[in-house]
Each structure stands twice: as structure tokens, then as C-alpha cells.
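*Asks:* One structure, as C-alpha cells, below. Some questions next.
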Amino acid sequence: MTAAADLPRAILVGVDFGGDSPFDASLDELALLAESAGDLPVARITARRKAPDPAFFVGSGKADEIKALVEGHRAEAVLFDQALSPAQQRNLERHFGVAVADRTMLILEIFAARAQSHEGKLQVELARLQYLSTRLVRRWSHLERQRGGIGNRGGPGEAQIELDRRMIGERIKSVKERLVRVKKQRGTQRRARERSGTFRISLVGYTNAGKSTLFNALVKARTYAADQLFATLDTTTRQLYIEEAARSASLSDTVGFIRDLPHKLVDAFEATLQEAADADLLLHVVDASSPVLDEQIAEVERVLRDIGAGDIPQVLVYNKLDNLDAAQQPRELCDVLELEAGVRVPRGFVSALQGRGLVELRGLLASAAAGTLSADLKSMHTSSICDPATNAVQAEPLATPSDGVVEASAEHHPPQPQ
């Protein structure tokens, strides 16, 4: 294992543009991304601007401050929490004298390192190629670029750029064609599950919410799980026998979401994310100990809408109870929560690591698989929502997120103890 002293040292930069632009003043998530990519954050700096500076993104004065930090900490990279244009990246690298990466590049590097399956590697390669194609100006800036006379519009640098762009374009076309075949194969597998009448459940959620740990706990699998961002990229599907409903279900563990997930990655992972879009039920896993869980829930809901999965019935699973202190523990392991626009969903509290709350969660899954998850929660006390014995006698169809009555706080934080 690489010692911390041997890791590349990085300066973290975030800019608050105000308005609706996302901004993490702590830069904690960027730090986690940096660590996941193999860098060691040694300093953090933030700035406020009304708009990005066309040349240096942060402006020349702040760029000088960052350069001083680079020299003072002997840093080897500067990482930005927002997307940079190719020109801004090139100018900053020249100014700092070290490598510069934005949030998109960091995520792409992590995905490239973590992808294991053939499909996952293809999807990451497509996203990286599309990202690289916009940054050829930086790759070939060392080549000559002089304008000649009439009929001579550029030097060898421009010729090389055109050649490189053509090669990347051909590779993108090839990878897309291979992904189309992968998508067809996944479609065949999904149709086979549909013909068999299998109830399809997909785990979704913000990265590092504990989806893979919950997946392993439910199906007793050994999918790789770790306390890091994007530990799992490749979709894994296993059969889950729900004894209380006397039927089998397929449970899929999908790639985690994150704020400002690059659209190129969302597009590239279309085949993988389709597992969520085609599910009968979504288990939306949330890190109950996260100080920004409201924002994380909202981001996941946004991506689900983008991929056509916004109307699929879901159960919120607040994971990592083992990270909460006694005062934050829930009174009950099941209740109902109201999200935005009056959307109501059942909610379960679990510790996938310790196994706490799994019996109640399986009760919810049994009710959903049997089609008896009550559409009218007005007559039910929260303590009975996850009780398979109670729900088994109900005759209502599978509830949609817009049905039911909220008995929990509209806040997304666990209810306080009695």
C-alpha cells in the first residue's frame, strides 16, 4: 500500500458563483474524489465570483494565490471542483507549472481505475474519449502553429490535431457500436427475467452510501464493497428469494451517483443505468450519517428523472445507523417520508454492516413483491408498515410514491428518540 508521503500532493480549489450553482465550501467531497484518484490533498482554497474568468477561471489574482500554495506545499497538481474549459486548463497549467484537473477528469480517472467488466471498461473509454476530444489543443500546444501564405493555413501542429481528432472520432464510433451490442445483450437478459415473472429490484443511491454492503447482506454475496467513492461500477445482479412473499426477485447493484456527474458518463453508462429504469422497485440507499443527505437525495432523484426512472415505486433505505450516536437513532425502523412535491415513500432504517433493520426491510420487499404494499397508509401505524404479517393481509395494489400518508417528519433526518 502506498504511504501517504509518497502520494502526489494536490491543492483543492472551489469557486462559489452564487445563485443555483452548486458549491461545497468544505471541499470535502472533492477531497474524497482526490483520495480515490490517488492524490493527497494538502491545502484547500475557495473564491467567490459572479462569473468564471475566461482565461484563468478564478481570475489572475486568485491564480497567483494558488500558485503560491503550490510552491509552498510543493504540490504536483491543482484540482478544481468545477468543470474547466480546455483553454482555462491550459492557461492554469502554464501559470502553475503543474498538472491541472477538474471534477470531470477526476471522476473519469476513478472510473477508469475501477471498471472491471468488459462493459464497464467500454463505457469508461467512451466517456474519456469524448472528454479528450475537446482538449486536443492542450495535448498538441507544443507543436508549431504558424500561418503560411495563401493555401497554407496551418503548420504541422494543426495537421497533427486533425489526425488525432480523426483517430479519436473513429475510436468513439467503434466503442459506440460495441456498446450497442452490449445494450442488446442486456435487453435480452431483461426480457428473459420479464418472461419468468421475476420481480426486479435495483439499488440506487449516492456514491458511498453503502449499496454494495446492503446488496451483500441481502443476497449473501461477496461483491466488492469499500468505504470510498465509486467502489462499484459494474452492475451485479443476483437472485433474492423473498420467503415472506414466497417468490424470487432479481436484485441489481448499480453505479453510484454524485453531484455534477458528467453527462458524458451518464450517456456512456446508459446500458448500466437501464437496470434502474426497468426495475419494478427501487431501493434508494441513503447515508443516514451524511451531513448533506438532503442534497444527495435530491441529486439522485434528479438523475433518476433524467434516465426515465423518476416514476418507479421506491423505498428509501437510510443506511449506516452504526455511524449515528444514540441521540440520532430512529424511534422505529420503518416509517413514511414525504419528499418534494408531496411524493410519499416508505422508509427503512438499517445498518447493512451490522445487519440491523434487515428483517424489517425484507418485510417491505415482501409486501412490494406480493403487490400488497398498501396504497392507503392512513389506516396503518408506522410500526406495521414493514411487518410482513400485517401487510400480507392487504389486498391493495403496489403503492406508487404519490400514495400514502406521511407519519414521519418531512425533514430527511432520522426521527429523534422517545
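*Asks:* Once you've got the Cα coordinates, tell me which of LYS121/LYS220; LYS62/LYS320; LYS176/LYS320; LYS121/LYS184; LYS121/LYS211 are over 28 Å apart.
*Replies:* LYS62/LYS320; LYS176/LYS320
*Asks:* Also, quick follow-up: Run the simple label-point estimate for ALA277 and GLU71 please: 7 Å along Cα→C-beta, distance reported in nm.
*Replies:* Taking the simple label geometry, ALA277 and GLU71 are separated by 5.1 nm.
*Asks:* Still on this structure, please answer the following. Report the gain in length on full extension from ASP24 to GLU177: 0.36 nm times residue separation, minus Cα-Cα distance, nm rounded to one decimal.
*Replies:* Net length gain for the segment: 51.3 nm.
*Asks:* Using 0.36 nm per residue, how much length does the chain from GLU162 to ALA113 gain when fully extended, once their Cα-Cα distance is taken away?
*Replies:* Working: separation 49, 0.36 × 49 = 17.64 nm, distance 2.87 nm.
Contour length minus Cα-Cα distance gives 14.8 nm.
*Asks:* Give the peptides 57-67, 20-30 in descending order of average Cβ contacts within 10 Å, highest first.
*Replies:* Going by the mean number of other Cβ atoms within 10 Å, highest first, we get 57-67, 20-30.
*Asks:* So, R0 is 60 Å and r is the distance between the beta-carbons of ALA55 and ALA326; what FRET efficiency does that work out to, to 0.05?
*Replies:* Computed FRET efficiency for ALA55 and ALA326 comes out at 0.70.
*Asks:* Here is a follow-up. If I take R0 = 22 Å and measure r between the Cβ atoms of ARG247 and LYS220 in this structure, what FRET efficiency does the formula 1/(1 + (r/R0)^6) give, to the nearest 0.05?
*Replies:* After rounding to 0.05, the efficiency reads 0.75.
*Asks:* What's the FRET efficiency of ASP294 with GLN189 using the Cβ-Cβ distance as r and R₀ = 41 Å, to the nearest 0.05? Present the calculation step by step, with values, prior to reporting the outcome.
*Replies:* Details: r = 35 Å, r/R0 = 0.86.
E between ASP294 and GLN189, to the nearest 0.05, is 0.70.
Values in this text are rule-based calculations from the coordinates and carry no lab data. Predicted, not measured: the structure shown is a model, and the values here were computed from it. Glycine also receives a Cβ, built like all others from the backbone with ideal geometry; neighbour counts cover every protein chain displayed.
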